[in-house]
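Colleague: Pasting a structure below so you can have a look.
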Amino acid sequence: MSTGLDQLKHIVVLMMENRSFDHMLGSLKAIDSRIDGVTDQLSNPDTTGASVKPQPLAEFQGQLNPDPDHHFPAVDLQIFGGDASPTRAPNMHGFVKSYFSQRRDVEHSQKIMYYFKQSDLPVLSTLALEFALFNRWFASIPGPTICNRAFAHYGTSFGRVDMNPFDIIEPFKSIYTRLINATPKHTAKVYYYDTTSSTMEVVNLLQNQPELFGTYKQFLSDCDKGLLPEYSFVEPNYNDHETDSGEEVASDQHPDHDVQAGELLIAEVYMRIKRNPKMWASTALLVVYDEHGGIYDHVVPPPCTPDKFTALANNTGTGMEFKFDRLGVRVPAILISPWIPKGTVVDRVFDHASIPATITKFFLGDYSPRSPREINADVFIEPNSGAVDPNRNLLSLLTMRNDCPEFGVQD
Amino acid sequence: MNVIPVPKPRQSAMNPDRPVNALLQVQIQHLRNAERNLPLRYRTEIYANAIRTEGEAARYIRAVTEAIHQAHADAAAQRAIPSIRRKRGIEIAAAADKPIRHATAAKTKAAKRQRKT
């Protein structure tokens, strides 16, 4: 029997910035108990020893200033609560302590525990409840943006846990190079917002393969004309800037950028695909965040298969080497398609290495070489060649849904 | 179907004078690396170390991103020149053929005229 998987021709990934699962979607636990969100039992100690509970007091802007630290040593503190002993166990108790170290203000440090009410985020919350919400999608590294985004492009960060430029180490190739060099040739594009926002993959992709890039305006037009490539990676607007047509507010949701601007972006990407019936029937959209941005989440990141690379003790900033054998903090991730049953909640473990793993397996089948982390990463869309395990296939409906939500901009 | 309203960000959300965050600082650093690899004529005259605000960052990011695209486009055009020359060579050869065909045609016309007379 034919399912939605057989209709799938395009996969779009929209990667936002720096928000944790509990911060954005933790409130949904109250709506659906299968969602592993915020409960009354959760807390973090502050620097006075007082217990700080998560509260639904997150604000769109102006609250997380300074930007919470999310470099490798800070995330280590957030996950392990400051325990550096050889026998330590992760407990997710160091978030308030970590944020305190930036402003030395006890009251302010407690804001790292705040989360959004469901009604604050009509777009993300609705999509999470309507389509497939991942309960266990983690950042690839307990660290910052660049190395985490590298996992989405390459399936590895080539041993980096920081924000410095990195070199691609052979034999591993980006997902885009794999696709466009395949026989038969496949199509792939990175859509940055515009040249004024540009990309976070400057040193390798933009510098060496600028032909891979298009703008967000082009993405919208490609949706309308049915010209999306097989794989699209969409980047939000990373800065406030003026254009010939007016003001562009940063939509990446990176603190202290406005969260509502990001909601509008997510809604527009979704609606633009949905408004073209041909694209809507044949496209799956993954909305995911690159890392937690130093903001509280309660789920302990699990251990994972080590990568081929090791970050040395003097590069991690913790005095300990890192073998890429533990995932980063949990982030929001939602898979959207009219072939997904309403209210799907997925408990399998994923990280950003799952992105090239899924795209590769779906479009290319068996492919080598890939990093150990990518080889062992789970896929969120099953390869449609051969027998498909119905328990793993998220695009499982036999007929397309006609009850999917619509969004409209409110003036 | 009910349309779910999505509020627009407040007017105050836009602030190009906001100090650059750590992510933008890194993006600038990466673009500086990329800029150093460009031929001199494509480099900007913006002093990246002096960038403090998002508005200033935006101007630099745009300038370098466009320069990278331009440098690649120009290099691609340069690479295409030999093939254009080859094409010209074919055109010249084709043009060289034309007089012969014209001559043949001319002969045919002349022959027709002779037949008429």
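The values are calculated or read from the model by the stated rules, or taken from the named source; none is laboratory data. Keep in mind the model is a prediction, meaning the values are calculated, not measured. Here Cβ is always computed from backbone atoms with ideal geometry, including for glycine, and neighbour counts include all displayed protein chains. Ligands, DNA and RNA are stripped out before the accessible areas are found, and what is left, the full protein with its side chains, is counted by its heavy atoms. Shrake-Rupley method; radii C 1.70, N 1.55, O 1.52, S 1.80 Å.
Colleague: Within the accessible area of chain A, what % is carbon and sulfur when the probe is 1.4 Å and the other protein chains stay in place?
Modeller: On the way: 7120 of 14360 Å².
The value for chain A is 50 percent carbon and sulfur by accessible area.
Colleague: Once a ≥ b ≥ c are taken as the square roots of the eigenvalues of the Cα gyration tensor of chain A, is the result rounded (a/c under 1.5), prolate (a/b larger than b/c) or oblate (a/b not larger than b/c)?
Modeller: rounded
Colleague: Can you tell me the dipole magnitude for the protein assembly as shown around its Cα centre, using point charges on the Cβ only (Lys, Arg +1; Asp, Glu -1), in Debye to the nearest 20? Provide the component values of the computation, followed by the final result.
Modeller: On the way: 58 positive and 61 negative charges, 782 e Å.
Dipole of the protein assembly as shown, to the nearest 20 debye: 3760 debye.
Colleague: What does the charge count near B:TYR42 come to, summing +1 for each Lys or Arg and -1 for each Asp or Glu among other residues with Cβ under 12 Å from its Cβ?
Modeller: On the way: positive: B:ARG36, B:ARG41, B:ARG43; negative: B:GLU35, B:GLU45, B:GLU66, B:ASP74.
With Lys, Arg at +1 and Asp, Glu at -1, the net is -1.
Colleague: Right, something else. Relative contact order of the range B:15-81: what whole-number percent is it, with Cα pairs under 8 angstrom and at least 6 residues apart?
Modeller: Values: 49 pairs, mean separation 28.5, N = 67.
Relative contact order here is 42 percent.
Colleague: Among A:VAL96, A:VAL269, A:VAL379, which one moves the most in a GNM of chain A with springs linking Cα atoms closer than 10 Å?
Modeller: Looking only at A:VAL96, A:VAL269, A:VAL379, the largest GNM fluctuation is found for A:VAL269.
Colleague: Which of rounded, prolate, oblate describes the range A:130-277, given a ≥ b ≥ c as roots of the alpha-carbon gyration tensor eigenvalues and a/c under 1.5 marking rounded, otherwise prolate only if a/b is larger than b/c? Could you put the intermediate results ahead of the total?
Modeller: Working: a/c = 1.44, a/b = 1.19, b/c = 1.21.
The shape class here is rounded.
Colleague: Oh, and also: Please go through the residue pairs A:LYS323/A:LYS361; A:LYS29/A:LYS97; A:LYS117/A:LYS361; A:LYS274/A:LYS361 and name each one whose alpha carbons sit more than 28 Å apart in this structure. It would help to have the intermediate numbers written out before the result.
Modeller: Working: A:LYS323/A:LYS361 25 Å; A:LYS29/A:LYS97 26 Å; A:LYS117/A:LYS361 37 Å; A:LYS274/A:LYS361 25 Å.
Cα-Cα > 28 Å for A:LYS117/A:LYS361; rest within.
Colleague: How far apart, in nm, are the 7 Å Cα→Cβ label points at A:GLN410 and B:GLN78?
Modeller: It works out to 5.5 nm between the two label points.
Colleague: Return the FRET efficiency for the residue pair A:LYS53, B:SER12: r is the Cβ-Cβ distance, R0 is 25 Å, and the value is rounded to the nearest 0.05. If you can, show how the numbers build up before the last one.
Modeller: Working: r = 30 Å, r/R0 = 1.19.
About 0.25, to the nearest 0.05.
Colleague: If you take the charge dipole of the range B:15-81 about its Cα centre, with +1 on Lys and Arg Cβ and -1 on Asp and Glu Cβ, which of B:ALA80, B:ILE51, B:ALA63 is farthest toward its positive end?
Modeller: The residue sitting most towards the positive pole is B:ALA80.
Colleague: I need the trypsin sites (Lys or Arg not before Pro) found in the range A:170-218, filtered to DSSP loop residues with at most 11 other beta carbons within 10 Å of theirs.
Modeller: Numbers: sites: A:LYS173, A:ARG178, A:LYS185, A:LYS189, A:LYS217; in loops: A:LYS173, A:LYS185.
When the trypsin sites (Lys or Arg not before Pro) of the range A:170-218 are filtered for loop state and at most 11 Cβ neighbours within 10 Å, A:LYS185 remain.
Colleague: So if R0 is 56 Å, what FRET efficiency would A:SER101 and A:ASN208 give, r being the distance between their Cβ atoms, rounded to the nearest 0.05?
Modeller: On the way: r = 38 Å, r/R0 = 0.68.
About 0.90, to the nearest 0.05.
Colleague: Ignoring everything but the protein chains, give the 1.4 Å probe accessible area of A:MET200 in square angstrom, nearest 10.
Modeller: So the heavy atoms of A:MET200 present about 10 Å² to solvent.
Colleague: Using a simple charge model, +1 on the beta-carbon of Lys and Arg, -1 on the beta-carbon of Asp and Glu, nothing else, what dipole does the range B:15-81 show about its Cα centre, in debye to the nearest 20?
Modeller: Around 140 debye, computed over the range B:15-81.
Colleague: With the crude spin-label approximation of a point 7 Å out along Cα→Cβ, what separation in nm comes out for A:GLN41 versus B:ASN33?
Modeller: So the label points at A:GLN41 and B:ASN33 sit 4.4 nm apart.
Colleague: Which value at 222 nm does chain A reach when only helices count, each DSSP H run of 4 or more adding -39,500 (n - 2.57), with the total divided by all residues and rounded to the nearest 500 deg cm²/dmol? All intermediate terms of the calculation are to be shown ahead of the outcome.
Modeller: Numbers: 14 runs with 108 residues, N = 411.
Mean residue ellipticity, 222 nm, calculated: -7000 deg cm²/dmol.
Colleague: For the range A:205-286, what's the relative contact order in percent, using C-alpha pairs closer than 8 Å and at least 6 residues apart?
Modeller: Numbers: 73 pairs, mean separation 17.9, N = 82.
In percent, rounded to a whole number, it is 22.
Colleague: While we're on this one: Which of these, A:ASP366, A:ASP347, A:ASP240, has the largest mean-square fluctuation under a Gaussian network model of chain A (Cα springs below 10 Å)?
Modeller: Taking springs between Cα atoms under 10 Å, the residue moving most is A:ASP366.
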